[in-house]
Amino acid sequence: MQHPIYVERQLFKFLWIFMPLMSLFNLWMETHAITPRGSLLPFIVLLINLLVLLALGSLTIRVDATHLSWCFGWLGWPVWKVALADIEVAGPTNTSFLDGWGIRRTREGMLYNAHGKQAIRLGMRNGKSIRLGTQDPQRLLSYLTPRLNGR
């Protein structure tokens, strides 16, 4: 892999709020039960939540000299990669509440989004469309666009 020219990591804020609250609620329910069960359920829930945060807790976008890649979480898997030569056009766009967050198939193509409603739309040479959520679409496009037109 080449040295990245641009890297952006954004937290999946919904997960970082929801998962710890779910773990705390589960632990509270276990400790305040009328008849304590002494089960491992709160710890299993905590472990599952930690694994979900590790796997899906952020979205990282990278641009290098030849590729645009993105992945969720700190494991870096799965990773999606697109050759810059396969991108026909890129521009800013917004996502709606109905589009949601995460990895989604929408009416406008695939969406990869961790937080917020700003994104960039990639029009591929094969006719497909991809939207990548970003907190600063203009900055990402400033790194990406010259590499698309500079062929």
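Pull out all pairs, ordered by first then second residue, where Cβ-Cβ is under 8 Å, the residues are six or more apart or on different chains, the first lies in segment 122-133 and is farther than 14 Å from K81 by Cα and without any contact (Cβ under 8 Å) to a residue 60 or more places away in the chain, and the second is surrounded by 15 or more Cβ atoms within 10 Å (Cβ to Cβ) and of a type in the set (S, T, N, Q). Here the result reads G123/S129, each pair linking segment 122-133 to a residue that is surrounded by 15 or more Cβ atoms within 10 Å (Cβ to Cβ) and of a type in the set (S, T, N, Q). The single condition among (1) within 20 Å of Q118 (Cβ to Cβ); (2) in a helix (DSSP H, G or I); (3) over 21 Å from the mean Cα position of the chain (by Cα) that V89 does not satisfy is (2).
Name the residue, out of A55, A65, that is more than 15 Å from G133 (Cβ to Cβ), modelled with pLDDT of 80 or more and exposed (fewer than 11 other Cβ atoms within 10 Å of the Cβ).
A65
Scanning segment 85-103 for residues that are in contact with a Phe, Trp or Tyr (Cβ under 7 Å, 6 or more places away or on another chain) and without any contact (Cβ under 8 Å) to a residue 60 or more places away in the chain gives a single hit, I103.
One residue stands out in segment 1-31 among those that are in contact with a His (Cβ under 8 Å, 6 or more places away or on another chain) and assigned to a loop (DSSP other than H, G, I, E, B): the one that is modelled with the lowest pLDDT, namely Q2. For V82, the criteria (1) in contact (Cβ under 8 Å) with a residue 12 or more places away in the chain; (2) closer than 22 Å to K13 by Cβ; (3) part of a strand (DSSP E or B) hold in every case but one, which is (2). Can you go through L140, L111 and tell me which one is crowded, with 20+ Cβ neighbours inside 10 Å, of a type in the set (A, V, I, L, M, F, W, C) and in a strand (DSSP E or B)? L111 is the lone residue from the list that is crowded, with 20+ Cβ neighbours inside 10 Å, of a type in the set (A, V, I, L, M, F, W, C) and in a strand (DSSP E or B). Considering segment 57-68, and only residues there that are free of Cβ contacts under 8 Å to residues at least 60 places away in the same chain and assigned to a strand (DSSP E or B), the residue that is farthest from I17 (Cα to Cα) turns out to be R62.
Scanning segment 94-108 for residues that are more than 19 Å from T60 (Cβ to Cβ) and buried (at least 16 other Cβ atoms within 10 Å of the Cβ) returns a single hit, D99.
The values are calculated or read from the model by the stated rules, or taken from the named source; none is laboratory data. This is a predicted model, so every value here is computed, not measured. Note that each Cβ is placed from the backbone with ideal geometry, even for glycine, and that neighbours are counted across all protein chains shown.
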